Amino acid sequence: MKKIKKKKNTSFFVKLAVFAFAVFAVITVVQLQLELNEKIEERDRLRAEVDELEDKKDELEANVGSQADQEYIIDIAKSKLNLRMPEEIIFYNDLFS
């Protein structure tokens, strides 16, 4: 007796559908990987910006804490507000104007 081998006949359309699904899956994975890389770069950029802003904030906090002394207040009053101390004498010379 001879054994009869049955050959599986899969339809051309089934093979085409499986191939199309595989191509779709590969394209989707590649696209998602590219998007992931972009998001990682954006995250790193934003983290660097946050670090820079935190350093600036720390610097400003240090300036606020250290510049509240009497000498700084007098310097700002003289330079920006054009004020003088009561014991100061100011001479104006309009000969060269």
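The values are calculated or read from the model by the stated rules, or taken from the named source; none is laboratory data. The structure displayed is predicted, hence computed values, not measured ones.
For residue 62, the criteria (1) in a helix (DSSP H, G or I); (2) at pLDDT 80 or above hold in every case but one, which is (2). Of all the residues in region 70-97, those that are assigned to a loop (DSSP other than H, G, I, E, B) and within 47 Å of the chain's Cα centre (by Cα) number 5.
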